[in-house]
Amino acid sequence: MTLRITPSIIAKSQKGMEGRINLVKDFVDVIHLDIMDGIFVSEESLNFDFKLPKTGCQLEAHLMVDNPDKWVERNWQKADIVLIPIESCERPKEFIKFFRGKSKIGFVLNPETPLDKIKDYLDEINQVLIMTVNPGFYGAKFLPETLEKVRELRKLKPNLDIEVDGGINPETIKMAVDAGANLFVSGSYIMNSSNPQEAIKVLQKLCRP
């Protein structure tokens, strides 16, 4: 099963986005775009018609927006993987059908949301993202109790890509690995580092058995 470190990008301008992407694009296979509308979460990020620079990376769009239908209609081609919080998704089946043959799709569970909300869709999606912090900004506190959902999900679906997002650093990544996650989004630890390449290398080493 793939083990992957994915840096997350929070930005409020085209220049800011490009600068952050350029810091990490040569060292990873996938970049995670945090798209926030200031409604679903209190902060805003990439809440404009951004133009993505050319990279050799796949792009993963995490839609922390109140109306994912609208974003998907206008922008789905920008991402190789689209991750939609189940809390904002009124028609999960329609999203699954829409993305079939286009891009990969996954559902997101915020810390307070039970796994039962997505169990009916697990055979039809490509991955699940478990939020290990309350979403919305870099540096939120890691919530170890959220890893129970990772453990349960891994038992249910041994081969599913399970991603964790929030507070992932050298102290917490082993907990996520032991719980059964195989994909790891890291924001502040990588992006606020004086040496993002070295920070990525540290996490890559620690996520391997």
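The values are calculated or read from the model by the stated rules, or taken from the named source; none is laboratory data. In this text the structure is predicted, and so the values were computed from the model without any measurement. When we count neighbours, we look across all protein chains shown, and the Cβ atoms used for this are built from the backbone with ideal geometry, even at glycine.
Listing for the model above:
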item	result
Out of D34, D80, D116, D29, sole residue that is closer than 24 Å to L160 by Cα and free of Cβ contacts under 8 Å to residues at least 12 places away in the same chain	D116
Sole residue being at pLDDT below 95, under 26 Å from N67 (Cα atoms), crowded, with 20+ Cβ neighbours inside 10 Å and of a type in the set (A, V, I, L, M, F, W, C), chosen from F107, F95	F95
Members of segment 103-161 found to be under 22 Å from Q58 (Cα atoms), over 12 Å from the mean Cα position of the chain (by Cα) and not hydrophobic (A, V, I, L, M, F, W, C), listed by number	S103, K104, E124, N126, Y138, N159
Residue within segment 186-202 that is within 28 Å of K119 (Cβ to Cβ), crowded, with 16+ Cβ neighbours inside 10 Å and modelled with pLDDT of 95 or more present	yes
Any hit, segment 53-60, residues being modelled with pLDDT of 95 or more, under 23 Å from L183 (Cα atoms) and out of contact with any helix residue (DSSP H, G or I) (no Cβ under 9 Å at 6 or more places or on another chain)	yes
Which numbered condition L153 misses (of (1) in a helix (DSSP H, G or I); (2) free of Cβ contacts under 8 Å to residues at least 12 places away in the same chain)	(2)
Residue within segment 20-41 that is at pLDDT below 95, more than 15 Å from G106 (Cβ to Cβ), assigned to a loop (DSSP other than H, G, I, E, B) and of a type in the set (D, E) present	no
Answer from I10, I5, I35 - the residue that is under 19 Å from V185 (Cα atoms), touching a Gly at 6+ places or on another chain (Cβ under 9 Å), β-branched (V, I, T) and surrounded by 20 or more Cβ atoms within 10 Å (Cβ to Cβ)	I10
Residue in segment 149-202 that is nearest to P85 (Cα to Cα), counting only those that are hydrophobic (A, V, I, L, M, F, W, C) and in contact with a Ser or Thr (Cβ under 6 Å, 6 or more places away or on another chain)	V164
Evaluation of S88 against (1) without any contact (Cβ under 8 Å) to a residue 40 or more places away in the chain; (2) surrounded by 17 or more Cβ atoms within 10 Å (Cβ to Cβ) (one fails), failing number	(1)
Test: residue in segment 122-142 that is loosely packed, with under 14 Cβ neighbours inside 10 Å and either among the small types (G, A, S) or part of a strand (DSSP E or B) (or both)	yes
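Residues checked against (1) in contact with a Phe, Trp or Tyr (Cβ under 7 Å, 6 or more places away or on another chain); (2) surrounded by 21 or more Cβ atoms within 10 Å (Cβ to Cβ); (3) of a type in the set (G, A, S); (4) within 19 Å of I125 (Cα to Cα):
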residue: E148; (1), (2), (3), (4): no, no, no, no
residue: L156; (1), (2), (3), (4): no, no, no, yes
residue: N159; (1), (2), (3), (4): no, no, no, yes
residue: V164; (1), (2), (3), (4): yes, yes, no, yes
residue: G167; (1), (2), (3), (4): yes, yes, yes, no
residue: E171; (1), (2), (3), (4): no, no, no, no
residue: M175; (1), (2), (3), (4): no, no, no, no
residue: A179; (1), (2), (3), (4): no, yes, yes, no
residue: L183; (1), (2), (3), (4): no, yes, no, yes
